[in-house]
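A.B. asks: Please find one structure pasted underneath; my questions will follow.
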Amino acid sequence: MISQLRIYTINRGQMDSWLKAFEGLKPLLAEHGIKVDGTWVDEENERFIWVRSFEDQADLEKKEASFYGSEKWLAGVDHVRGHLARRDVTVINPV
């Protein structure tokens, strides 16, 4: 199993809107087999941190291609990414 640690810096004043947008994304992620393991907001209310897991790198690539190529994602990508000042994504492995 591998996971992604995803840290998004949210544009100032948009965290509430981002959280609402993310709730709308969760069913789409699930539809494409992407498991969200957990979500957090930092104390400054600036960064949204989440972890999602996959069987292996091939599974990650397959599911991301399916998700990012979907009509629903393409229709809403500008709204979603409009909340983000920065995205940091790190693949992490269990020990």
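A.B. asks: Select from 55, 46, 31 the residue whose mean-square fluctuation is largest in a Gaussian network model of the chain (Cα-Cα springs shorter than 10 Å).
C.D. replies: In the Gaussian network model the winner is 55.
A.B. asks: Tell me, what ³J(HN,Hα) does each residue in region 48-61 have, in order and in whole Hz, if you take phi through Karplus 6.51 cos²θ - 1.76 cosθ + 1.60 with θ = phi - 60° and put x for Gly and Pro?
C.D. replies: In residue order, the calculated couplings are 10, 10, 8, 10, 10, 10, 9, 5, 6, 4, 5, 5, 4, 4 Hz.
A.B. asks: Using θ = phi - 60° and the Karplus curve 6.51 cos²θ - 1.76 cosθ + 1.60, what whole-Hz ³J(HN,Hα) does each residue of region 82-95 get, with Gly and Pro shown as x?
C.D. replies: Working through the residues one at a time gives x, 7, 9, 7, 7, 10, 10, 10, 10, 7, 10, 10, x, 10 Hz.
A.B. asks: Given springs between every Cα pair under 10 Å in a Gaussian network model of the chain, which of 77, 36, 51 has the largest fluctuation?
C.D. replies: Sorting by GNM fluctuation, first place goes to 77.
A.B. asks: On full extension of the chain, what length is gained from residue 39 through residue 59, given 0.36 nm per residue of separation minus the C-alpha to C-alpha distance? Please list the in-between numbers first.
C.D. replies: Numbers: separation 20, 0.36 × 20 = 7.20 nm, distance 2.12 nm.
Working it through step by step, the gained length comes to 5.1 nm.
A.B. asks: Let me make sure I get this right: for region 45-95, a, b and c are the square roots of the gyration tensor eigenvalues over alpha carbons, sorted descending. Under 1.5 in a/c it's rounded, otherwise prolate if a/b > b/c, else oblate. Which is it? Write out the running numbers ahead of the final one.
C.D. replies: On the way: a/c = 3.12, a/b = 1.17, b/c = 2.66.
Oblate.
Read the figures in this text as sums done on the coordinates, not as results from a lab. Since this is a predicted model, take the numbers as computed values, not measurements.
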